[in-house]
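Here is the structure we will look at.
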Amino acid sequence: MSRPTHVPVTTVTTSPRDTKALDAPWPFTGRADELELVRRSVAAGRSGLVVTGPAGAGKTRLVTEAVRGADCARVAGTPETRGIPFAAFAHLLPETVTLHRAVHLLSGVRLLLVDDAHLLDDSSAALLHQLAVHGRTRLLVVATDGVPAPDAVSRLWSGELLPRLALAPLPREDTAELLTAGADTVLEPLTVDRLHRLSRGDLRLLRELLTAVRQEGLLVPVPGTDLRAWRGPVPVTRAVRERTARVLDRVRTEERETLDRLAFAEPLPLDPDLDALDLRTLEDLEAEGLVTVDGDGATRLAHPLHGPVLRAAAGRLRAR
């Protein structure tokens, strides 16, 4: 059966990914200013917006909330289809189509939401760029910082075709509100601080940590209150291990040795006489963003989750 050769002006169905976002166990919390900015950017007469930020910062949740109830078409990039032309737009386009024809067919779409734009195939990225150039379709584009993206996607904001909202990690106050909203237990402030520090605004990681802490019985009552406190180590669950694979799965022995030393004794000084840290190895780890060195030469692990995970993964003899 051939695909249709035209696209209706109003096209939106709720995909499984939409349902997952809308049915998330935590309510949408914080980001009031950002939410209003996104809504204004896709209002009539506007060209749209690019929303960027680190993985897990809540970009998709924010834009989903912003277009709730609106008629829009939605596409998303995926790693598996980056080599297939127009893969992201396959449900909106005929089976065989040129770039010029694709732009014409989508020119009637009033609002287009493009999620994970950094994963678009080259043809889809070029189509998105041309839609921005023509300016007939309001575009709401989501991309993750720190990962490679097609040039046609990054030129959306670097070439000033669309304004850009760089989403910062969720602040501590909003994290506390998120952990409290709809929860059957109230966490003590120190536990909230610990979860916020370890997750660094990554909401998916925050949820995974809290779930693991609950499942392993690490939330204990605070005497004389109705609060719960996290007592004990960081649970090294499969999800946490996946997030920390960059430090746990080092191929070079000297890199893992350096990371373990820092996990048990950070900060360590850059002192050649102490022979505690190999400078060449440190340079490689710093280039990968795994360690930081301050102005005084004190060396630390770059992510606060890495130390607890490395310590938990070490055996007793290794720890000694």
Checklist outcome for this item: Filtering segment 121-155 down to residues that are in contact (Cβ under 8 Å) with a residue 12 or more places away in the chain and of a type in the set (Gly, Ala, Ser) yields 123, 124, 125, 126, 132, 135, 143, 146, 149, 152
Next on the checklist: Among the listed residues 202, 193, 121, identify the single one that is surrounded by 20 or more Cβ atoms within 10 Å (Cβ to Cβ), within 30 Å of residue 217 (Cβ to Cβ) and acidic (Asp, Glu).
Outcome noted: 202
Next on the checklist: Would you confirm, using the coordinates I've provided, whether residue 93 is out of contact with any strand residue (DSSP E or B) (no Cβ under 8 Å at 6 or more places or on another chain), in a loop (DSSP other than H, G, I, E, B), in the same structural domain as residue 47 (by the TED database) and open to solvent by 50 Å² or more (accessible area, probe 1.4 Å)?
Outcome noted: no
Next on the checklist: Checking the condition on the phi < 0 side of the Ramachandran plot, surrounded by fewer than 18 Cβ atoms within 10 Å (Cβ to Cβ), among the acidic types (Asp, Glu) and not assigned by the TED database to the domain that holds residue 220, which residue from 145, 115 passes?
Outcome noted: 145
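Could you tell me whether residue 109 is at pLDDT 95 or above, of a type in the set (Val, Ile, Thr) and crowded, with 20+ Cβ neighbours inside 10 Å? Before the answer, list the steps.
Numbers: at pLDDT 95 or above: no; of a type in the set (Val, Ile, Thr): yes; crowded, with 20+ Cβ neighbours inside 10 Å: yes.
No; evaluated as a whole, the condition is false for this residue.
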Checklist outcome for this item: residue 307 vs (1) within 28 Å of the chain's Cα centre (by Cα); (2) in the same structural domain as residue 190 (by the TED database): all pass except (2)
Checklist entry - How many of the residues in segment 216-245 are aliphatic (A, V, I, L, M) and farther than 18 Å from residue 304 by Cβ? => result 5
Checklist entry - Is there a residue being out of contact with any strand residue (DSSP E or B) (no Cβ under 9 Å at 6 or more places or on another chain) and of a type in the set (Gly, Ala, Ser) anywhere in segment 259-269? => result yes
Checklist entry - For the subset of segment 32-83 comprising residues that are assigned to a loop (DSSP other than H, G, I, E, B) and closer than 21 Å to residue 134 by Cα, which member is most open to solvent (accessible area, probe 1.4 Å)? => result 46
Checklist entry - Somewhere in segment 227-240, is a residue more than 24 Å from residue 172 (Cβ to Cβ) and charged (D, E, K, R)? => result yes
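The values are calculated or read from the model by the stated rules, or taken from the named source; none is laboratory data. If you're wondering where the values come from, they're calculated on a predicted model, not measured in any experiment. Note that each Cβ is placed from the backbone with ideal geometry, even for glycine, and that neighbours are counted across all protein chains shown. Only protein heavy atoms, including side chains, enter the accessible area calculation; ligands, DNA and RNA are left aside. Shrake-Rupley method; radii C 1.70, N 1.55, O 1.52, S 1.80 Å.
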